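A short worksheet on the structure shown next.
The values are calculated or read from the model by the stated rules, or taken from the named source; none is laboratory data. Keep in mind that this is a model prediction, so the values were computed, not measured. Positions of Cβ are backbone-derived with ideal geometry, glycine not excepted, and every protein chain shown enters the neighbour counts.
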Amino acid sequence: GQQLNQSPQSMFIQEGEDVSMNCTSSSIFNTWLWYKQDPGEGPVLLIALYKAGELTSNGRLTAQFGITRKDSFLNISASIPSDVGIYFCAGTPRGSARQLTFGSGTQLTVLP
Amino acid sequence: EAGVAQSPRYKIIEKRQSVAFWCNPISGHATLYWYQQILGQGPKLLIQFQNNGVVDDSQLPKDRFSAERLKGVDSTLKIQPAKLEDSAVYLCASSLSGGSAGELFFGEGSRLTVL
């Protein structure tokens, strides 16, 4: 299947700091999405992006669909303790519109 | 609106035993997915159903894994016989048939430990 390279693997930040994480692929994706997973729960959709160059916000979260269609980033501003969790990028490759592929995740820890 | 329901939440079995997981998707969601999530990794698609038909099962280890969605609603995922490397969380998800690609709603998962 398609591979998504997500970085960083983990992050430790102070409460109030901004966070940035990204995801890259060697092939073109038609859709980029960002999910968050809390311990013992299933992933929950945060932001979905459908067009190259698209920049979308959801509260303190902002995500962009890269112009090359091979990358995406997620920014979290003014982090709070409840931002702790694992963030996954996901995408649907060109030619496989319904097959959602996930990255390996970024574990975010917010220190008080 | 009720979310995706899965059971059991936890299961411990010995290798070579069998196990079955059940999923009830969100009402009206025609598409149902089973994902396998190994500790420290992202979810990996095992099988995707559209109503009661299989859309994609290319990553399902068919020698030991099987899944069905007979009436186009509930689904069951079975592993027989289980191997140590099958220890993982099995996530069920559903989406609207005509919904935007990738917008999945996940259940809480069924955690399998194979000893």
Subset of region A:6-38 (residues that are outside any strand (DSSP E or B) and either within 11 Å of chain B (Cβ to nearest Cβ) or among the aromatic types (Phe, Trp, Tyr) (or both)): A:9, A:38
Given the condition under 21 Å from residue B:92 (Cβ atoms) and modelled with pLDDT of 95 or more, answer yes or no: does some residue in region A:64-86 qualify? yes
Any idea which of (1) under 13 Å from residue A:88 (Cα atoms); (2) under 13 Å from the mean Cα position of the chain (by Cα); (3) surrounded by 17 or more Cβ atoms within 10 Å (Cβ to Cβ) is the one residue A:49 doesn't satisfy? (1)
Options A:78, A:63; residue that is more than 8 Å from chain B (Cβ to nearest Cβ) and assigned to a loop (DSSP other than H, G, I, E, B): A:78
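Given the criterion more than 13 Å from every other protein chain (Cβ to nearest Cβ) and not charged (D, E, K, R), identify the matching residue among B:75, B:58.
Exactly one of B:75, B:58 is more than 13 Å from every other protein chain (Cβ to nearest Cβ) and not charged (D, E, K, R), namely B:75.
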Test residue A:61 against the criterion of being under 20 Å from residue B:102 (Cα atoms) and touching a residue at least 60 places away in the same chain (Cβ under 8 Å), and give yes or no. no
Looking at the structure I just gave you, is residue A:90 in a strand (DSSP E or B), more than 20 Å from residue B:40 (Cα to Cα) and within 14 Å of chain B (Cβ to nearest Cβ)? no
Somewhere in region B:97-104, is a residue crowded, with 22+ Cβ neighbours inside 10 Å, under 28 Å from residue A:9 (Cα atoms) and in contact with a Gly (Cβ under 8 Å, 6 or more places away or on another chain)? yes
Need at least 1 residues that are at pLDDT 95 or above per element, so show me which strands (runs of 3 or more DSSP E) inside chain B make the cut, counting only ones lying wholly within it. B:5-7, B:10-13, B:19-24, B:31-37, B:44-50, B:65-68, B:75-79, B:88-95, B:110-114
Only one of (1) of a type outside the set (Phe, Trp, Tyr); (2) more than 13 Å from chain A (Cβ to nearest Cβ); (3) farther than 24 Å from residue A:93 by Cβ fails for residue B:51. Which number is that? (3)
Please tell me if residue A:70 is within 30 Å of residue B:58 (Cβ to Cβ), basic (Lys, Arg) and loosely packed, with under 15 Cβ neighbours inside 10 Å. no
